[in-house]
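Heads up: the structure comes next, in structure tokens.
The values are calculated or read from the model by the stated rules, or taken from the named source; none is laboratory data. No experiment lies behind these values; they were computed from the predicted model shown. All Cβ positions, even for glycine, are placed from backbone atoms using ideal geometry, and neighbour counts span all protein chains on display.
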Amino acid sequence: MKALSFILAALAIPALSAQAADKAGVMESYFPTAADGSMLLRTGAQVRAVPDAKSLEEPLRKVNERIAQIPQDDKVAFIRDFNAMQRPSYNAAIWPDRKDYDAFLAAWDKTQVVPVTQVAMGLQKDGDTWRVLSVTVDSQTKRQIPLTISALRYDADKNEWISNDGRLTPKDYSVPDSSVFGAQTGTEWTLKKETPISTLVTSLRVSRTTDGKFVYVAYIFDERATVTGNSIAHGDYLLRFPVSTPGADVGKPGQR
């Protein structure tokens, strides 16, 4: 917890002046501010999903044997759900024997959500927009670093995020309980910018689990060469903040 203490101290800076009526739009429901507009911190962790590789080895071997024999649409659907960490639906083309699907689910359900490093985040008024103040501890250097989301500005009136590349526009977001992170609803803001040289996609998602326990923040920055499709720059992370007990530990591995 020593690292977290440093994080909290790093963000304990004087609040910018703000009117009591100022509210941070949609973001206010996830990261509320004080009545005077000053920042309230929420502490949590960067997390990742860790499948039980040993349990999944045999079920996935059987899936791989079927992949080359099934229709392309079935293949794409399975890969999409698997990569998104959502439990794939039953498909007789992939699992001719329903017992194999049940074995796959039993192994899949052993996937755990584990913390990687602690983070702290809050909203603060910054002129006509809001900014995210955030900090984490680099797992290798152990130094405190701001998260890349701190470079964005939030326009509460338009419910858009402003980056150096343009504006991220919103759309509704939801995932079912088949996700290893639990059923969630929220908002996803996206910017896609295409040039003759590259295609840039920036995405920021903020959502709450339907059981009300956690707020998730997902950030993705991906730039690829237009001609070759090769990666120029990429970064992503997934953060989780407990709602019921702000400032508490994120929980045991596997806890949603």
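List of remarks:
- Filtering region 172-193 to residues that are among the aliphatic types (A, V, I, L, M) and out of contact with any Asp or Glu (no Cβ under 7 Å at 6 or more places or on another chain) leaves Val175, Val180.
- Among the residues of region 121-159, those identified as of a type in the set (D, E, K, R), modelled with pLDDT of 90 or more and surrounded by fewer than 20 Cβ atoms within 10 Å (Cβ to Cβ) are Asp128, Arg153, Asp155, Asp157, Lys158.
- Some residue of region 114-137 being part of a loop (DSSP other than H, G, I, E, B), under 17 Å from the mean Cα position of the chain (by Cα) and in contact (Cβ under 8 Å) with a residue 40 or more places away in the chain: no
- Residue in region 138-149 that is out of contact with any Ser or Thr (no Cβ under 9 Å at 6 or more places or on another chain), in a helix (DSSP H, G or I), over 22 Å from Ser38 (Cα atoms) and not aliphatic (A, V, I, L, M) present: no
- Ala21 at pLDDT below 90 and within 27 Å of Trp189 (Cβ to Cβ): yes
- Scope region 38-97; condition outside any loop (DSSP other than H, G, I, E, B), hydroxyl-bearing (Ser, Thr, Tyr) and over 30 Å from Ser134 (Cα atoms); matching residues: Ser55
- Cβ-Cβ contacts under 8 Å between residues 6 or more apart (or on different chains), taken from a first residue in region 158-170 that is in contact (Cβ under 8 Å) with a residue 60 or more places away in the chain to a second residue that is among the hydrophobic types (A, V, I, L, M, F, W, C), are listed as Asn159/Val26; Pro170/Val26; Pro170/Trp189.
- Residue-level analysis places Gln86 outside the set of residues that are surrounded by fewer than 19 Cβ atoms within 10 Å (Cβ to Cβ), within 17 Å of the chain's Cα centre (by Cα) and modelled with pLDDT of 90 or more.
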